[in-house]
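Working notes, beginning with the structure itself.
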Amino acid sequence: MVKSGEDGGQIYTIEAITSALLLLSVLIIVVQATSITPLTVSFTNEHVKLELQNMGADMLTSLDETPYSAVYTSDPAVPSCLKKSITDWINITGGGSDWFAWSNSTSKYVSLLNASNPSINSLPLANTLSMLIKTYGIAYNVEVRYSDINGNIYNTKMIWNGDPSENSVTVSRVVALHDSDILQDSCVIPDVSPGTKFYNMVEVRLTMWVM
Amino acid sequence: MLKDLSGQLMLISAFLLAMMVVAITMMLNNVIYSSNMAYISFIDQSRYDDLSYKQATIKEAIYAEAVDRSNYNAYMQDYAKSLNNITSMRGRYVDLLTYTTSSGPLSNTKTRTELSISGKNSNISYVIYTGYNSQASPGPSPSPTMAFNVTISANKTSMYNDSTDTVKLVITVTDANTSLPASNFVLDIITDRGTSPTAYIYDDGGTNSNPPYLVTDLSGTKIVYYIDKNSTIGTAHIHATAKLNNSSTESYLSNVIEISVTSPSSTNLCSHIINISGTPAIDNIPGKGNDYKITVTFNIGPFSNLNIYPIIDKTSTTIAYDNNPSYNNATKQLTVNVYPERDSNFKLVIKMDITGYCTVDKVNVSRTATLNITGDKHSINASLTYT
């Protein structure tokens, strides 16, 4: 098609606008595009963390709702499996002053601070969690958080398998301790209610990450 | 100057079309992507924490009631404080409000615990009922503001002091504020007639005679039968106390009822006795097969419900008699028709059990009278003896 000369200005203008749009698009794409790193937030990564959270929360809930008894009982004095794990750990370590780590051997859990302390292999919590590391390759730490009578918050380690990665997740469950649960004279967890049979509230914190 | 710009125009058009396709694709992609994106609520794990707090509170309320009931309020306050120390690190605040109640559809005394978990964008409340439905697991002591009304009533005001006579006692416990029945209250019925079981016993229906404790049912009521065995006659003053449970130190008093206790063997059982006329009336002259009509009259006096139950003992076959003796209610007369058949002697004995209720002394009395009729075709004798 042959155009007369007076149409050339319009075409140049459209061409200029199109060129500008192209340059702008390239600039936007370049600025928006980033490299994918292990720390990049993606839906897949969030999904994995969500699965970890659900798994950990379900395990703690299940342990906390299961009475530590050979037969079913509704006796409120019978502790749950989770509580039994905490109180046994307190009582066999002289008041909850020892950490344990997974040794990936027949010894299973070994003490990190005092080798003369009995192992926590038989505790329901330790037993259940060992399945995670053996079957799924998921590492975990267990910490116990509590407060003193003045409201100050403390954290103590129970199972420690190293510093968690940036993609770790933490779930928790609260457990009430009673005077009759604590057999040690010196316990890192103090009695916040001396006038009653209530002892203290602890938060069992389970941190998990994919190795 | 002429230029052929058609190629340039087509190229620009192609660029514009390509850009439009890219833009539309991205727009559609965003629409589809956002529709299938996981919202933050899907991965919100705070519900696990809230449920954990709720479950722990339930367990502690049950434990405190069962093990540390006397310090229940202090126990739960310290629990809530300790729990808050932990939850505050997560931006959660837990509030507990506990009090006992005896009202509600189940009418059981129990503890109502209101648990509120407040967060930045949420406020969840749970109402937890704990308590006891039986004597085995009693609840905590009531707060001083609670009050209950206890009433006791009897079905009569006098009785015999033997095991055959009972007085029905109805004890009712209600909430003073709501008038709703209060069940599972432990009752103690107190009388000044001596020591149980020598002087008296309570029978709650035969299955649990003289029980160690009495408990109100779901209607807040307990029915027992009082049996007085004290040999001394007099007046029994009876009242009841109600407690929330066996170990409770706070009890609620009822009104006092009076029951006159008399002895069935006493001559002073009733100042009025059933008066029977001494001589039966014979209204016909014997002879030639005429019948005799013998009437015995009873004075009603102060008695009500006077009943006569004649039992005829025919000891001779020489007579015929009306074996349906009648008596009218106005005069309480017993009439017997005798029909001598031959010259031989005849004998008829009619035993009468007479019972009545003395409206003056408010006791049941009874007498036994015997009507002896002898004679032959020419004569007849009738005599009345009674005890």
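Side notes on the structure shown:
- On the basis of the beta-carbon distance and an R0 of 45 Å, residue A:16 and residue B:121 show a calculated FRET efficiency of 0.30.
- Residues residue B:383 and residue B:357, FRET efficiency given R0 of 30 Å [Cβ-Cβ distance, rounded to 0.05]: 0.60
- Across peptide B:14-23, the mean count of Cβ atoms from other chains lying within 10 Å of each residue's own Cβ comes to 2.
- For the residue pairs A:84/A:134; B:54/B:243; A:157/B:54, the alpha carbons lie more than 27 Å apart in B:54/B:243.
- Förster-model FRET efficiency, 25 Å R0, residue A:51 and residue B:89, C-beta, rounded to 0.05: 0.50
- Top of A:97, A:130, A:69 by mean-square fluctuation, Gaussian network on chain A, Cα under 10 Å: A:69
- Computed from label points 7 Å out along Cα-Cβ, the spacing between residue B:176 and residue A:197 is 3.1 nm.
- Placing pseudo-labels 7 Å out from each Cα toward the beta carbon at residue B:297 and residue B:151 gives an inter-label distance of 4.8 nm.
- Taking a sphere under 13 Å around the Cβ of residue B:71 and counting the other residues whose Cβ falls inside, with K and R at +1 and D and E at -1, yields a net charge of -3.
- GluC sites (Glu not before Pro) lying in DSSP loop within segment A:140-211, provided at most 16 other Cβ fall within 10 Å: A:166
- The label point for residue B:55 and the one for residue A:210, both projected 7 Å from the Cα toward the Cβ, are 2.7 nm apart.
- Amide H to amide H distances under 5 Å link residue B:254 with B:240, where only residues 5 or more positions off or on other chains count and H is placed in the peptide plane.
Each value in this text was obtained by applying a stated rule to the coordinates, not by laboratory testing. Bear in mind the structure is a predicted one, so any value in this text is a computation, not a measurement. Don't worry about glycine lacking a Cβ; one is built from the backbone with ideal geometry, like all the others, and counts go over all protein chains shown.
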